Structures are given as C-alpha cells and as structure tokens.
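Input: a single structure, listed below in structure tokens.
Laboratory data are not the source of any read-out in this text; all were calculated from the coordinates shown. These figures come from a predicted structure and were not determined experimentally. Counting neighbours? That spans all protein chains shown, and the Cβs are built from the backbone with ideal geometry, glycine included.
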Amino acid sequence: MHYTIQDPESPQRLRLLSFNIQAGTSTARYHHYVTHSWRQILPHSQRTENLDAIARLVEPYDMVALQEVDSGSLRSGFINQSRYLASHAGMPFWCHQGNRKVGTVAHAGNGFLSRFEPDLVEEFRLPGVIPGRGSLVVRFGKDRDALVVAVVHLALGKRARKQQLGFLSEQLENYRNLIVMGDLNTQVSSGELEQFCEHLELSAPTSGLASYPSWQPQRAIDHILLGQSMSKRSARVVDVSYSDHCPVELELELPASLRLRPAMRPVVSVETRSSDHQG
C-alpha cells in the first residue's frame, strides 16, 4: 500500500482522482476516433495493458471516480473494468453503474473505488432526450453530516446538462459535506455549472485545469467540486495517455469532526438503491 496512516487527532486528508478511461482505450489524435473505432467494439491487447497501467496509476489514491468504464461486454473481454481495477490496485471497495448498453458489444457506465467503507450507494439515471447518462452517489455516514461523493458523467449538449444538473441539485441539496467528481463535459464558467455550484455552495478547485484531449489538453471539462466544509490542498491534471482524457487529481482535508471508516477487507455487502428519473 502507498497511502499513509494519519494521526487520528489531525484532520483527515484524502487523495482523489477522477478519470474518464474510454473503456481502457487510448486515443492520440482526433482521426483515431475513426481509424481506431474498431477498438470500441472488439477486444484487443492494448486494452488490458492500459487497464494494468491505470491500476498502477490509481493505487496511491483514497477514492477514484471512473467514467466510460465497461461493465463487462465483448469489447472488454466480458471483464467488469471497475472490479478489475479495484482488484489490481488493491482497493477494498468498488461499485459500478452500467448506463449505456449496446447489445453485448459495449456497456459503458460509472465506477467508484475507495479505501473507505461506505454506508450507502445510490444509482440515479439522469434525464435527457438521449438515455444513457447516470450518477453514482456514495454516502459515508448516516445523517446530514455524512460525506457524500457523487460520480457523474454529463451529456454533451447544454440543454441536457442543465436538466441533469438540476436533477442532481435536488438529490444532493440536503448534504453539506459534498464532493462531485466526473466528466462534466463543460467548463466551470458555463452558466449551467455555475448555477449548480452556487445552489450547492460548491467550490471548483479544478477550474481551468485542461484535461481534454489527452494528447494536447485544451478544455477543462473534468472536475472535482467541493463543499465549503472541506479544504483544498492541491489540484492538478495527471499527464498520462491511457485514454482520450487526462485524469484530474485533488488532495483535500475533511472537517476535523468527520472520520471515515477504513475498509480493511474486500467489501461485498453495502446497501444499494436504484432510482430512475421519471419525466
């Protein structure tokens, strides 16, 4: 293990990573979306090599949010990539939400890995004309003072993003120790994301950190947003080429009153709730 056991009297520090892994496929140029498109539907050796490299990358972190992670389909060799990464990185807790399924060929979703044991995991289907977007909401604790981590992958279109962020605002507004991580497909300065952060009183320490495309980052669309109760220590983009996105990293301090329970063994039983958006 590469994480440090902290003084129980000091504020608890967490190292977070959010990464859109493109189902374990690297992209090095825009034209690869066309010339390498077969990699999105067929298994290939580079995918396993990439997953092993990603597992080594995420090993030092306390919590990892994954987007475009395959649930187990033809293209991934029927491997649940969240489980694979948790196992190879030595993460004792993992959960997965499958969102966009294309027969047996591809099944993309969100994943979450953690060194701490949560009390509840909720899955939400996000609104939008085109289905297939969702959020994992992981709660550590049992009341309003719990730490709540939301893993999100938003739509490409502004109108759909505004709907999705409005829906998430309603689900998250009762929590004050809040972390939102994911591929939000927009910059913090966009109107819909500014409104979301204002409503939930979130800061945006990853604002301006360009993460896409990975071969020449120009757009800051991958974010880790924080509730006001938490203090940022550092934030950066990690320069790796395992996907078409670079991951974003954040180190923070929790409120002194909030302590998380380490998961000392693989966690296989945690209460999970699913909720489909209607309308």
Note down the net charge around residue 163, summing +1 for each Lys or Arg and -1 for each Asp or Glu among other residues with Cβ under 13 Å from its Cβ. +4
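With +1 on the Cβ of every Lys and Arg and -1 on the Cβ of every Asp and Glu, and nothing else charged, how large is the dipole of the range 13-254 about its Cα centre, in debye rounded to the nearest 20?
Numbers: 25 positive and 25 negative charges, 115 e Å.
About 560 debye.
Note down the relative contact order for the range 13-254 as a percent, whole number, built from C-alpha pairs under 8 angstrom at least six residues apart.
Across the range 13-254, relative contact order equals 21 percent.
To the nearest 0.05, how large is the calculated FRET efficiency for residue 174 and residue 88 if R₀ is 35 Å and r is the Cβ-Cβ distance?
Values: r = 36 Å, r/R0 = 1.03.
After rounding to 0.05, the efficiency reads 0.45.
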Taking just the alpha-carbon atoms of the range 109-243, what radius of gyration and Dmax come out, in angstrom? 14.5, 43
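Which ordering of 181, 264 is given by a fewest-first count of other beta-carbon atoms within 10 Å? Let's see the in-between values first.
Details: 181 29, 264 9.
Fewest to most other Cβ atoms nearby, the residues stand as 264, 181.
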Label-point separation (nm) for residue 119 and residue 233, each offset 7 Å from Cα along Cα-to-Cβ? 2.5
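For a footprinting-style exposure proxy, rank 188, 240, 248 by other Cβ within 10 Å, fewest first. Working shown, then result.
On the way: 188 21, 240 16, 248 28.
Fewest-to-most Cβ neighbours within 10 Å comes out as 240, 188, 248.
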Under 18 Å from a label point 7 Å along Cα→Cβ of residue 46: give me every residue in the range 207-238 with its amide N that close. 213-217
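In which sequence would 149, 58, 238, 180 go, from the one with the fewest C-beta neighbours within 10 Å to the one with the most? Present the calculation step by step, with values, prior to reporting the outcome.
On the way: 149 24, 58 21, 238 13, 180 27.
Ascending Cβ contact count within 10 Å gives the list 238, 58, 149, 180.
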In nm, the gap between the two label points placed 7 Å beyond Cα toward Cβ at residue 259 and residue 187 is 4.4
Could you list the square roots of 5 times each eigenvalue of the Cα gyration tensor of the range 13-254, that is, the equivalent ellipsoid semi-axes, sorted largest first and rounded to whole Å? 26, 19, 18
